Amino acid sequence: MQITSASSSSAMTAGSASQIAKLQAQLKELTAQLKQVATANDLPAKVREQQVKLLQTRIQATQQQIAALQRAQQQEAAAKAQKKAEPSAIETAVEAERKKTKLPGLGTSLDVYA
């Protein structure tokens, strides 16, 4: 079960990393388009203003998508670290319980029946 979750987790990380890369490329393209539209003198001012607003909105949306994917990666890494820490905490608790409930050795039983 853990192997499946680990492999799907790493696949998810790789998938989100490639999505982030695609979104960053899209962001560069949108930024270039914004610069081009903002400096275009052949467009009427109203059309240029509308296109600038549209591109700015698309840039913001792309940035938000990148941020969301990065947050998901951070949460996944934190969950993975917590899962690694859990077995050691459980083992520590089991060991502490064993020490508390240590059964008497053979020597004490022999003394009772001797």
(Q) Criterion first (part of a helix (DSSP H, G or I), open to solvent by 50 Å² or more (accessible area, probe 1.4 Å) and modelled with pLDDT of 95 or more) does GLN82 satisfy it? (A) no
Q) Which of the residues spanning region 35-74 are in a helix (DSSP H, G or I), more than 24 Å from ALA25 (Cβ to Cβ), open to solvent by 100 Å² or more (accessible area, probe 1.4 Å) and of a type outside the set (D, E, K, R)? A) GLN50
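The values are calculated or read from the model by the stated rules, or taken from the named source; none is laboratory data. These numbers come from a predicted model, not from an experiment. All Cβ positions, even for glycine, are placed from backbone atoms using ideal geometry, and neighbour counts span all protein chains on display. The accessibility values were calculated without ligands, DNA or RNA, using every heavy atom of the protein model including side chains. Shrake-Rupley method; radii C 1.70, N 1.55, O 1.52, S 1.80 Å.
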